[in-house]
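Read through the structure below, which is laid out as structure tokens, and then see the notes.
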Amino acid sequence: MTTVAPAPISAPLSPQPDVVGADVLIPLVNGERVSYANFDYAASAPCLEAVRATLADALPYYASVHRGAGFHSQVSTDAYEKARLGVARFVGARADDAVVFVRGTTDALNLLARCVPDACTVVVFAGEHHAALLPWQHRGSTAGRVVRLPLPASPEAAVESARRALLAAPEGPRLLVVTAASNVTGELWPVEELTAVAHAAGARIAVDAAQLVPHASFDLAATGVDYVAFSGHKLYAPFGAGVLAGRVDWLRAAEPYLAGGGATANVSEHDVRWNDLPARHEAGSPNVLGAVALAAACTALTEAGQDTLHEYEQSLLDRLRTGLAQIPAVHDLSLWGPEHPRVGIVSFVVDGVPADLLAAALSAEYGIGVRDGLFCAHLLTRELLPPGHTQAARASLGLGTTVEHVDRLVRAVAELAEHGPQWEYALVNERVSPVPDPRPHP
């Protein structure tokens, strides 16, 4: 195999936020220990050191929020609401937008699905993550239509397809749902153009930004997007919090997403009066520490400069894609071609090495973590897979990814493609695993 030496990569212009566990050594099946090369950021990103420090400061004062007279409760309430303001700034929320804390993107879009008006037509592309694809068809008997558009051949085709579907929808409320960046290919979708055609058709747009905001900035007000959803666990704050932010009227008019304490203003024997936003959709004891962690991650990324971080990540992504492209057995997945802009995600297959075996061998023999499967976007992934493959491997980058990690992954894939795994593997608890597996867990 002829290879071209990759171009050198300069260190980032400003220090990157540190991630917890960056110096952890992990065992290989041969008894060696190596630094962990994490390429599974698109599933869950590690915790930032800044987030851990913020939580260490907050934990001594942790208490339930909003209804406690005690000092700890007041401190926690203040931290929780400051976190809401911090997240609002991070996504460029308008002054009158709601910012509702939820468990993650899936929770956020299910909440929005419960709040769209009766008979609303929802237009969604088939290539969406299941979190954005599935909630709309479970809205109840009074719900309107769900129009599922086929995968578009180009960004321009996506815009035109959405325009036609929205104009053809019956009179009444309409909502276009789209990803900002694909969790399978990393490709960026034309969010601003889709927003323009949605508004021209009298519709609204909701954006799944789970895979965008860890890699690049997003601004609700600047884009004109009506709703945005994202998860803390993909944004270096893995503590069970997420956000739905956007227009208040649909959220305010809907029955609470969950019925219970916190959502209620008054309960009598014969009536319930619900709270206004955001408490209306935050029933139960809120995840105070999750919200604080999420806001801390937003602050850390903003202070580091997301544009600078994005530029450095792009240089690593180019190095990875260039290296993989030189391996004849490797085929990467793409909807709109190799030149289309994307965030730090590459999904690929290797001829002769099934994706689950590839992932297991990368972990056991090289200390590399990738994801394998269909990535909760089954329709898109299956459409993009080459003949003879049923699953793919996904390498996703983030803060903490190094040049050494990228080069190790390229070298490992090349060796596995040429020689295959050097250890024995079998199905263990429905996962391909090394047999035996001598690696001790901490």
Item checked: Selected residue [over 21 Å from L188 (Cα atoms) and assigned by TED's automatic domain parsing to the domain that holds F39] from V353, V343 -> V353
Margin query: Anything in region 99-134 that is in contact with a helix residue (DSSP H, G or I) (Cβ under 7 Å, 6 or more places away or on another chain) and β-branched (V, I, T)? List them, or say none.
Written below: V99, V100, V102, T105, T106, V116, V122, V123, V124
Notebook entry, point to check: Can you name the condition, by its number, that S347 falls short on among (1) surrounded by fewer than 24 Cβ atoms within 10 Å (Cβ to Cβ); (2) not in a helix (DSSP H, G or I)?
Noted result: (1)
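Regarding region 66-86, can at least one residue be identified that is in contact with an Asp or Glu (Cβ under 8 Å, 6 or more places away or on another chain), in the same structural domain as K234 (by TED's automatic domain parsing) and not small (G, A, S)?
Checked against the condition, which is being in contact with an Asp or Glu (Cβ under 8 Å, 6 or more places away or on another chain), in the same structural domain as K234 (by TED's automatic domain parsing) and not small (G, A, S), region 66-86 yields no hits at all.
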Notebook entry, point to check: Are any of the residues in region 301-310 hydrophobic (A, V, I, L, M, F, W, C), closer than 25 Å to K82 by Cα and exposed (fewer than 15 other Cβ atoms within 10 Å of the Cβ)?
Noted result: no
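Can you list the strands (runs of 3 or more DSSP E) found entirely within region 352-442 that contain at least 1 residues being touching a Ser or Thr at 6+ places or on another chain (Cβ under 6 Å), at pLDDT 95 or above and crowded, with 19+ Cβ neighbours inside 10 Å? Before the answer, list the steps.
On the way: elements: 371-373, 392-396, 425-428, 431-434.
By residue number, 392-396.
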Checklist line | In region 316-343, residue surrounded by the fewest Cβ atoms within 10 Å (Cβ to Cβ) [restricted to those that are assigned to a helix (DSSP H, G or I) and hydrophobic (A, V, I, L, M, F, W, C)] | finding: A325
Checklist line | Which numbered condition P214 misses (of (1) buried (at least 24 other Cβ atoms within 10 Å of the Cβ); (2) part of a helix (DSSP H, G or I)) | finding: (2)
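Let me confirm something: among A237, A153, A157, A221, which residue is farther than 23 Å from A45 by Cα, aliphatic (A, V, I, L, M) and assigned to a loop (DSSP other than H, G, I, E, B)? Lay out the reasoning, then the answer.
Numbers: A237 fails: farther than 23 Å from A45 by Cα; A157 fails: assigned to a loop (DSSP other than H, G, I, E, B); A221 fails: assigned to a loop (DSSP other than H, G, I, E, B).
None of the others qualify; the one that does is A153.
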Checklist line | Complete set of residues in region 87-101 that are farther than 18 Å from L212 by Cα and in contact with a Leu (Cβ under 7 Å, 6 or more places away or on another chain) | finding: R94, D97, A98, V100
Item checked: Residue match in region 107-116 (condition: without any contact (Cβ under 8 Å) to a residue 24 or more places away in the chain, over 16 Å from the mean Cα position of the chain (by Cα) and assigned to a helix (DSSP H, G or I)) -> no
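Quick one: is G290 of a type outside the set (D, E, K, R) and surrounded by fewer than 16 Cβ atoms within 10 Å (Cβ to Cβ)?
Working: of a type outside the set (D, E, K, R): yes; surrounded by fewer than 16 Cβ atoms within 10 Å (Cβ to Cβ): no.
Criteria not met by G290.
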Next item on the list: Might you check whether a residue that is over 30 Å from L85 (Cα atoms) and under 21 Å from the mean Cα position of the chain (by Cα) occurs anywhere in region 337-344?
Entry: yes
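In region 39-67, which residues are among the hydroxyl-bearing types (S, T, Y) and either assigned to a strand (DSSP E or B) or buried (at least 20 other Cβ atoms within 10 Å of the Cβ) (or both)?
Initially, region 39-67 is screened for residues among the hydroxyl-bearing types (S, T, Y), giving 41, 44, 54, 61-62, 64.
Across region 39-67, the qualifying residues are Y41, T54.
Okay, residues lined up against (1) under 25 Å from P278 (Cβ atoms); (2) of a type outside the set (K, R); (3) not assigned by TED's automatic domain parsing to the domain that holds P341:
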{"residue": "T106", "(1), (2), (3)": "yes, yes, yes"}
{"residue": "E128", "(1), (2), (3)": "no, yes, yes"}
{"residue": "R148", "(1), (2), (3)": "no, no, yes"}
{"residue": "V159", "(1), (2), (3)": "no, yes, yes"}
{"residue": "V184", "(1), (2), (3)": "no, yes, yes"}
{"residue": "V197", "(1), (2), (3)": "no, yes, yes"}
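Answer with yes or no whether R280 is without any contact (Cβ under 8 Å) to a residue 60 or more places away in the chain, outside the structural domain of R67 (by TED's automatic domain parsing) and either out of contact with any Gly (no Cβ under 8 Å at 6 or more places or on another chain) or buried (at least 18 other Cβ atoms within 10 Å of the Cβ) (or both).
On the way: without any contact (Cβ under 8 Å) to a residue 60 or more places away in the chain: yes; outside the structural domain of R67 (by TED's automatic domain parsing): no; either out of contact with any Gly (no Cβ under 8 Å at 6 or more places or on another chain) or buried (at least 18 other Cβ atoms within 10 Å of the Cβ) (or both): yes.
Judged against the criteria, R280 is not a match.
Kindly indicate whether A200 is small (G, A, S), surrounded by 18 or more Cβ atoms within 10 Å (Cβ to Cβ) and touching a residue at least 24 places away in the same chain (Cβ under 8 Å). Step through it out loud before you land on a result.
Working: small (G, A, S): yes; surrounded by 18 or more Cβ atoms within 10 Å (Cβ to Cβ): no; touching a residue at least 24 places away in the same chain (Cβ under 8 Å): yes.
Here the answer is no, as A200 does not meet what is asked.
The values are calculated or read from the model by the stated rules, or taken from the named source; none is laboratory data. Quantities reported herein were computed from a predicted structural model and do not represent experimental measurements. Glycine also receives a Cβ, built like all others from the backbone with ideal geometry; neighbour counts cover every protein chain displayed.
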